[in-house]
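Quick notes on the structure that follows.
The values are calculated or read from the model by the stated rules, or taken from the named source; none is laboratory data. A quick note: this is a predicted structure, and the numbers were derived from the prediction, not measured. Neighbour counts are summed over all protein chains in view; Cβ atoms, including those assigned to glycine, are modelled from backbone coordinates with ideal geometry. With ligands, DNA and RNA removed, areas are computed over all heavy atoms of the protein, side chains included. Shrake-Rupley method; radii C 1.70, N 1.55, O 1.52, S 1.80 Å.
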Amino acid sequence: MPLDPMPDWVLTRRREIGARIRTARLHAGLTQVQLGERVGRDHRTIHRWEYAQRIPNLEDLLLADALGLRLAALFSDDGGE
């Protein structure tokens, strides 16, 4: 059962991951609509991930491939190295 409310660090990490998704999307020259089409999600879902309103599930994290990233790059400051 999830904690309610979530600890502060959880929201902080969600925001960091969302910002990395957004940065990578922009770097790839994609709109939210285009990224959504590549990963089979609605552009509103992409927006929610980028702004930490929702979190991608494990299958959704394959979006890293669509962005040309290693999955670890979404989670670490050093690009997953």
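Structure summary
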{"item": "Hits in the stretch 62-80 - residues which are surrounded by 17 or more Cβ atoms within 10 Å (Cβ to Cβ) and either in a helix (DSSP H, G or I) or at pLDDT 95 or above (or both)", "result": "Leu63, Ala64, Ala66, Ala73, Leu74"}
{"item": "Hits in the stretch 25-57 (condition: among the hydrophobic types (A, V, I, L, M, F, W, C) and in a helix (DSSP H, G or I))", "result": "Leu26, Val33, Leu35, Val39, Ile46, Trp49"}
{"item": "Complete set of residues in the stretch 26-61 that are surrounded by 13 or more Cβ atoms within 10 Å (Cβ to Cβ), among the polar types (S, T, N, Q) and farther than 23 Å from Val10 by Cβ", "result": "Gln32, Gln34"}
{"item": "Subset of the stretch 32-55 [within 13 Å of Gly18 (Cα to Cα) and modelled with pLDDT of 90 or more]", "result": "Gln32, Thr45, Ile46, His47, Arg48, Trp49, Glu50, Tyr51, Ala52, Gln53, Arg54"}
{"item": "Looking only at the stretch 5-21, and only at residues there that are open to solvent by 90 Å² or more (accessible area, probe 1.4 Å) and not aliphatic (A, V, I, L, M), the one that is farthest from Arg70 (Cα to Cα)", "result": "Pro5"}
{"item": "Which listed residue, of Arg22, Arg14, is assigned to a helix (DSSP H, G or I) and at pLDDT 95 or above", "result": "Arg22"}
{"item": "Selection status of Ala19, among the small types (Gly, Ala, Ser), out of contact with any Pro (no Cβ under 9 Å at 6 or more places or on another chain) and closer than 21 Å to Met6 by Cβ", "result": "yes"}
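Residue-wise test of (1) of a type outside the set (D, E, K, R); (2) touching a residue at least 40 places away in the same chain (Cβ under 8 Å); (3) within 19 Å of Ala73 (Cα to Cα).
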position: Thr12; (1), (2), (3): yes, no, yes
position: Glu16; (1), (2), (3): no, no, yes
position: Val39; (1), (2), (3): yes, no, yes
position: Trp49; (1), (2), (3): yes, no, yes
position: Ala52; (1), (2), (3): yes, yes, yes
